[in-house]
Structure formats: structure tokens, C-alpha cells
1. Select from segment 72-86 the residues that are surrounded by 13 or more Cβ atoms within 10 Å (Cβ to Cβ) and within 23 Å of LEU260 (Cα to Cα) and list them in ascending order.
2. Look at GLY85 and say whether it is assigned to a helix (DSSP H, G or I) and under 21 Å from the mean Cα position of the chain (by Cα).
3. Applying the selection to segment 101-121, what residues are farther than 13 Å from SER57 by Cβ, crowded, with 20+ Cβ neighbours inside 10 Å and not β-branched (Val, Ile, Thr)?
4. Here is a check on your reading of the model: is VAL239 part of a helix (DSSP H, G or I) and open to solvent by 40 Å² or more (accessible area, probe 1.4 Å)?
5. Inside segment 33-48, can you point out the residues that are within 17 Å of TYR139 (Cα to Cα) and either at pLDDT below 80 or open to solvent by 70 Å² or more (accessible area, probe 1.4 Å) (or both)?
6. How do the pairs read when you match residues in segment 16-30 that are under 17 Å from SER235 (Cα atoms) with residues anywhere that are open to solvent by 80 Å² or more (accessible area, probe 1.4 Å) and not in a loop (DSSP other than H, G, I, E, B), using Cβ under 6 Å and keeping only pairs 6 or more apart or on different chains?
7. I need the full set of residues from segment 159-184 which are exposed (fewer than 10 other Cβ atoms within 10 Å of the Cβ) and among the basic types (Lys, Arg), in order please.
8. So which residues in segment 205-229 are closer than 13 Å to PHE31 by Cβ and either without any contact (Cβ under 8 Å) to a residue 40 or more places away in the chain or of a type in the set (Phe, Trp, Tyr) (or both)?
Amino acid sequence: MSADPTQVLAFETDCHIFDGCGFPAPGLHSFLFKPLLGDGDSNVYFNKPMLLALIGSVIVVGFFWAAFRKPKVVPGKLQMVAETGYDFIRRGVVYETIGKKEGEKYVPLVVSLFFFIWMMNLWSIVPVAQFPVTSIIAYPIVLAAIVYITWVSLTFKRHGFVGAFKNFSGYDKSLGAVLPLAMGIELLSNLIVRPFTHAVRLFANMFAGHTLLLLFTIASWYLLNGIGIAYAGVSFVMVIVMTAFELFIQALQAYVFVLLTCTFIQGALAEHH
């Protein structure tokens, strides 16, 4: 039976060093949330990460809608910020990886992925929310699945069945006797390992980052008693340092995700030799 997150939170809040209680270390229970609507036995289930994902989607869509609904030749502040972000992904990621001619049609997909993932990551440091949605593995899996389906279908569309098989398997007759082994490894790597690592890379970084933030935040409160106050100060400094570091990682992981997405698409469009 899983721990009740509200009971765990109450314990963490009331517990201090020298009070006779052990350190309430964060764990899997820190990623469990009681449903806001419905329950485990109901067809309706809606919890905090789902709410944050919904609000985040509205924020991203609303931001770009507000910025571009009445575009001006001389952009205002909001339009300038939106254009800078859009252009950074279009030129710095899509054009650089896929090429301008082939990549233009994929710009909307890549831009949407980047800003959605970034927003989902940013929830980790937003007061009250304080939880990165992408630290729940289901969300990175769905995002990676979208990329995977796009990549595989595009490969078959561009090269046909035989060409796609060669693309996925790295077929190269010059390998001689080791060709079957090499093809098997490439197929496993491309069709199974690649989408798995694409999702897990994002999930693992956000999961670890949130756990570290929780660790130092709880430690700051736990040590806030007697001579432990001095150590609480050090722990609080680490909270600030880790928050700043998380800001960098959140943007970096969104960037890496879309960079890999463009790499996959470029591979699907490239001619097999």
C-alpha cells in the first residue's frame, strides 16, 4: 500500500532534528498525489500533474496567441520575446540539423515540443506548483512516442519498405560476414533503445533534480532546531544553488529533446548509402 502524500507532508512539516524523529527523506511517495477528481476505482481521475500539464498547455498556447494574433512590423515586447524564442529553435535547432529547405515544415512541431517541455519542467520551481510534470514517466513517454511515430512513418514514406529497413538496420554489404549481427544490433538500437532513451533522458533528469531540491528543502526545515540551525543555513544555500542549477537543466533538457528529435527526422530524410 502506498503512503498517503498528505500524511507524509504533515510528518515532514512537523519533524525537526532532536525531536526524536528520523529524517523524512524524499522518495517515491514524493511523486504520488491524491486525485483532485475521482479515485482509483472511478473512470474519472485527475490529479495535480495533470492539472499542471493542462495549465502549462494553456500558458504556452496563450502566450504565442497573444504575441502573434496582431503581429506588427515593429514588434512590441511580447512579440519580440516570442519571435526570439521561435527563431532560436527554428534557426538554431531545425535549420542547423535538418536544413532550411527540408526542415521548414517541421518547425511548428519542434517549437511546440520545446516550449511545452520547458513549461512542464519549469513547474518545479514555481511556488505552490513546485513539481516538474516530466518527472512522471508517462509524459516523456507520450512525447517520445509522438517523435517516434513521426520518425518511423516519415522513413517509410521517404524510402519505401526496403529503403526504410536499410535505414533502420544500417545495411552495408561491405561488412561481409558480420552484416547480420550488425543489422540486428542497429535494429534493436534504432527501433527500441532509441525511443526508450529519448524518454528516459528527460524523465531521469527531472526526477533526480526534483528529488535533490526536495532533499535540501526538507533538510533545511528538519535542521531548524537547536545547534542544527547552522547546518540548516548551509542546506538552504544549497536549495538556492540547486534551484539556479535546475533553471539551467530545465531549459537544457527541453533543448536536448528537440535536438534529438531533429536528428531523428534528419536521419529519416537522408539517403541511405
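1. If the condition is that a residue be surrounded by 13 or more Cβ atoms within 10 Å (Cβ to Cβ) and within 23 Å of LEU260 (Cα to Cα), then ALA82, GLU83, GLY85, TYR86 are the ones that fit.
2. yes
3. Answer for segment 101-121, where residues must be farther than 13 Å from SER57 by Cβ, crowded, with 20+ Cβ neighbours inside 10 Å and not β-branched (Val, Ile, Thr): GLY103, TYR106, PHE114, ASN121.
4. When the stated conditions are applied, VAL239 does not pass them.
5. Within segment 33-48, just TYR45 meets the criteria.
6. Note: pairs meeting the criteria are PRO24/PHE11.
7. Correct list: LYS173 only.
8. Result: PHE207, ALA208.
The values are calculated or read from the model by the stated rules, or taken from the named source; none is laboratory data. Treat the numbers as computed from the prediction; the structure is a model and nothing was measured. Every residue, glycine among them, receives a Cβ derived from its backbone with ideal geometry; neighbour counts consider all protein chains shown. We work out accessible area using only protein heavy atoms, side chains counted, and drop any ligands, DNA or RNA first. Shrake-Rupley method; radii C 1.70, N 1.55, O 1.52, S 1.80 Å.
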